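What follows is a short report on a single structure.
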Amino acid sequence: MVKSFILRCLVFGDPNYLDLKDFTSLRHYATCISYFKIIPSLSGFIRWQGYYKSYNNEKFYSAGININLSRVFHRKPPKGDTQEEDMPNGKSTRDRRNGLGNNVQDDKPASVPLTLTKVIHLQSSAKDSFELSGLASMKNRIYAVFDDKKDIYEIGFKDNSFSLNPKVNKMPLPLAGGSTSLEGIDVCDRLIYFIDEKNPEVIYMYNLTDNTVKTSTVPGSILKKVLKGNNDDFEGIAYDCNTNTMYLAKERNIKTIFRFNIQSGQVYNDITFNTDSDDDISDIKFHNGFLYILERKKQQITKYNVQNNTIDKYTYTFLETTTNKGEAQRQMFNGSNESFGYAEALLIKNDKIYIGFDKNRETALRDWFISKYTSKGATKYGHPTIILEFNKPKEF
């Protein structure tokens, strides 16, 4: 007997197929997703997507089952219908001040300014659209995803520029329909984990050894919470290889980080923050036992201790680098929204911190930024898609 059932149906217009001469040609498609739970340890989803007036009757189907083995073999299942537990080897998360559940952080961390060392431009025609959304590294290789592309790229740094090497994947990614938005990436043991903001039900896993793509279903209890928000689902991903803990960041309303064991399916307590509703998370990375959270609007990185569930005494800000308080046009890009940041991708490697920027369809960097950081590599002739390199502070 089905214990719970949720059905969500939406209709979209896909701007990728919009003919500007004929606005009635906007391509429409519908998608329906049903989530069901049979018993606490068994849940899943069924998804259907179809296109209106498709010349070849395009339809897509996908399904997934989540089996929580830790519940199946648990001697004394917890009371109630919840999968959430405290993190292993960590303190209880239920009565702490710092950022869990509905708890409030009373003590504001000290802000440490990051020191810029390089402005790194993409080597490409300025007319080419590349909206950088995620960075990850494995040994000497760096990988990237862009929210307006369907592929994984390997990138190479040379002085104050970076190039896009041939696409990593040798086969089409199994992304449903024409609407995709790759928003996060991480690497572990020759597996590239990445997420599609428009298809939150699964985590994609690209195998660098045999060039195959597999998927892992996101637990249903997490999906229910994501669908309650007024955002486009997941914005960042981080993976702790040692404990098999997967972290997924919900962008806003209210910004939340979900965590679960990708091997057993066990869901741990959420990481939430008592902040303004428009505060956001744009990326996350797990590094040396800590979770680092990139906050786009605040233009800072927050360090989070996953063992005792506390925010570190320092946050690391790049606000003074990317904004100019002395001018009305304060943001680094030529855009109309001066209160919003552009930082989308975080990478921590050796003694450096790299922050990638989604230019959000803007076509140029502002003159004040180029003038201020010419010595760091900023140029008006460079592509507006950039990565900023900072020194990593000792306490980071």
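Tabulated data for the structure shown
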{"quantity": "Three-way shape label, the stretch 327-396, alpha-carbon gyration tensor, a/c 1.5", "calculated": "prolate"}
{"quantity": "For Thr317, distant residues with modelled amide H under 5 Å away", "calculated": "Val112, Leu114, Ile301"}
{"quantity": "Out-of-range pairs (alpha-carbon distance over 32 Å; input Lys108/Lys380; Lys285/Lys325; Lys224/Lys349; Lys158/Lys313)", "calculated": "Lys108/Lys380; Lys224/Lys349; Lys158/Lys313"}
{"quantity": "Long-range amide H partners of Tyr268 with built H, under 5 Å", "calculated": "Glu85, Arg259, Phe260, Asn261"}
{"quantity": "³J(HN,Hα), Karplus 6.51/-1.76/1.60, whole Hz, each residue of the stretch 315-323, x for Gly, Pro", "calculated": "10, 10, 9, 10, 4, 5, 7, 9, 10"}
{"quantity": "Taking the C-alpha atoms of the stretch 253-344, convex hull volume expressed per residue in Å³", "calculated": "129"}
{"quantity": "Burial ordering of Met246, Met138, Met332, fewest other beta-carbon atoms within 10 Å first", "calculated": "Met138, Met246, Met332"}
{"quantity": "FRET E, pair Asn160, Gln307, Förster distance 56 Å, beta-carbon r, rounded to 0.05", "calculated": "0.90"}
{"quantity": "Residues listed by number, the stretch 355-384, amide nitrogen under 15 Å from Glu338 label point at 7 Å toward C-beta", "calculated": "366-369"}
{"quantity": "Asn360/Gln263 FRET efficiency (R0 45 Å; Cβ-Cβ; nearest 0.05)", "calculated": "0.75"}
{"quantity": "Karplus 3J(HN,Hα) series, Hz, for the stretch 293-303 with 6.51 cos²θ - 1.76 cosθ + 1.60 (x for Gly, Pro)", "calculated": "10, 8, 10, 5, 5, 6, 6, 8, 10, 9, 9"}
{"quantity": "5 angstrom amide H check on Ser137, placed H, neighbours 5+ away", "calculated": "Tyr143, Val187"}
{"quantity": "Residue-wise HN-Hα coupling along the stretch 235-249, computed from phi with Karplus coefficients 6.51, -1.76, 1.60 (Hz; x: Gly, Pro)", "calculated": "10, x, 9, 8, 10, 8, 5, 6, 10, 6, 8, 9, 10, 10, 9"}
{"quantity": "R0 of 35 Å, Cβ-Cβ distance Tyr381-Asp351: FRET efficiency to nearest 0.05", "calculated": "0.75"}
{"quantity": "Estimated inter-spin distance, Lys225 and Lys127, nm [label 7 Å along Cα→Cβ]", "calculated": "4.7"}
{"quantity": "Mean separation of Cα contacts under 8 Å (6+ apart) over length of the stretch 189-264, as relative contact order %", "calculated": "21"}
{"quantity": "Base-10 log of normalised Debye intensity for the stretch 292-356 (one unit scatterer per alpha-carbon) at q = 0.24 Å⁻¹", "calculated": "-1.06"}
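A short reminder: the numbers here are calculations on the coordinates, not readings from a lab. Bear in mind that the values here come from a model prediction, so they are computed numbers and not experimental data. So basically every Cβ, Gly included, is an ideal-geometry build from the backbone, and we count neighbours across all protein chains shown.
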